[in-house]
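Step one of this worksheet: look at the structure below.
The values are calculated or read from the model by the stated rules, or taken from the named source; none is laboratory data. Everything numeric here is computed off the predicted structure, so don't read it as measured data. Here the Cβ is made from the backbone with ideal geometry for all residues, glycine too, and neighbour counts use every protein chain on show. Just so you know, the surface numbers come from the protein's heavy atoms only, side chains and all, with ligands and any DNA or RNA stripped out. Shrake-Rupley method; radii C 1.70, N 1.55, O 1.52, S 1.80 Å.
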Amino acid sequence: MDTREDSVSGDVGSWRDYGPTDLPKPLAAALEAFAERGYDGTSIREVASRSGLSVPGLYHHYPSKQALLVSLTTTVLHDLLARSRQAIDEAGPTPSEKFDAVVESLLRFHMFRRDQAFVASTEMRSMEPEARRAFVALRDEQQCMIDEIVEAGVADGTFSTPYPKDASRAVTTMCVAVASWYRPDGSLSPDEIVHRYLQVARNTVGAK
């Protein structure tokens, strides 16, 4: 089985390395509660209890449940973006190499940070309008990385899809969905999942 999930990471030393999350206690408690009960089903009192704080003590750091959600999801997306950029920067110069790197990064993130990714994806509906716009902007930044790589691959003949943006979004959707079913004790190791899904992703963009 792959052991990268247990590596000590801190800062993103390698985009493939995932250690225990270093979220502040209130955010870790909110993540746990939101993943189990959903945003609407979680009370601020429950988050305070899970984080070992009084309600006034929690409000000192996060003035509302909405603030907890925004801080948590923003942290998640910044982590994803940093890993994706690093994967692309360290890949070879061709669209094919960059594509493989960013897809692998997306897959590993949605396996090893599955609760964070799941909450960020499903609870966008619970965000207030301004927070939702900021979240969507970060999500679009991630998508644009893949769009640009696929379009470059189509331009130089590396990829043959007639619909590069549609194919790019299909690949992202497939990677994001891994967070909904992946389990560390499943029948496939992370490396096996990456191997299989890279083949599907390459087929989707018409890699030659």
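Accessible surface comparison of C175, C144, probe 1.4 Å, protein chains only, largest first: the order is C144, C175.
When the chain is treated as a GNM with alpha-carbon contacts under 10 Å, the residue of R108, R125, R85 showing the greatest mean-square fluctuation is R125.
The Rg/Rh ratio for region 37-129, using Cα coordinates for both the radius of gyration and the Kirkwood hydrodynamic radius, is 1.12. The lysines whose alpha-carbon is closer than 23 Å to the alpha-carbon of K65, local same-chain residues fewer than 8 away aside, are K25.
Along region 159-166 the Karplus relation, 6.51 cos²θ - 1.76 cosθ + 1.60 evaluated at θ = phi - 60°, assigns HN-Hα couplings of 10, 10, 4, x, 10, x, 5, 5 Hz to successive residues, with x for each Gly and Pro.
Note on the chain: with neighbouring protein chains present and a 1.4 Å probe, carbon and sulfur make up 51 percent of its accessible heavy-atom surface.
Short-range pairs are left out: with C-alpha atoms under 8 Å and at least six residues apart, the relative contact order of region 120-208 is 32 percent. A cut-off of 5 Å between modelled amide H atoms, ignoring neighbours fewer than 5 places along the same chain, links F159 with V154.
Within region 147-208, the chymotrypsin sites (Phe, Trp or Tyr not before Pro) that combine a DSSP coil assignment with at most 13 other C-beta atoms in a 10 angstrom radius are W181.
Judged by the gyration tensor of its Cα atoms, with axes a ≥ b ≥ c, region 147-208 is prolate; a/c meets the 1.5 cut and a/b is the larger of a/b and b/c. With 15 Å as the cut-off, how large is the P(r) tail for region 116-173, expressed as percent of Cα-Cα pairs? Summing the P(r) tail past 15 Å for region 116-173 gives 57 percent. For the chain, the spread of Cα positions along the three principal axes, ordered from largest to smallest, is 59, 39, 27 Å. For S160, put the label point 7 Å out on the Cα→Cβ axis and report which residues of region 168-208 keep their amide N under 13 Å from it. Under 13 Å, as judged by backbone N against the label point of S160, lie 203-208 of region 168-208.
Across region 12-64, the volume of the C-alpha convex hull divided among the residues equals 97 Å³ per residue. Scalar couplings 3J(HN,Hα) for region 96-101, obtained by applying the Karplus form with A = 6.51, B = -1.76, C = 1.60 to θ = phi - 60°, are 4, 5, 5, 4, 4, 5 Hz; x denotes Gly and Pro. The length gained by stretching the chain between R125 and S43 to full extension, at 0.36 nm per residue less their Cα-Cα distance, is 27.8 nm. For region 85-208, the Cα-based Rg and Dmax, in that order, read 14.9, 44 Å.
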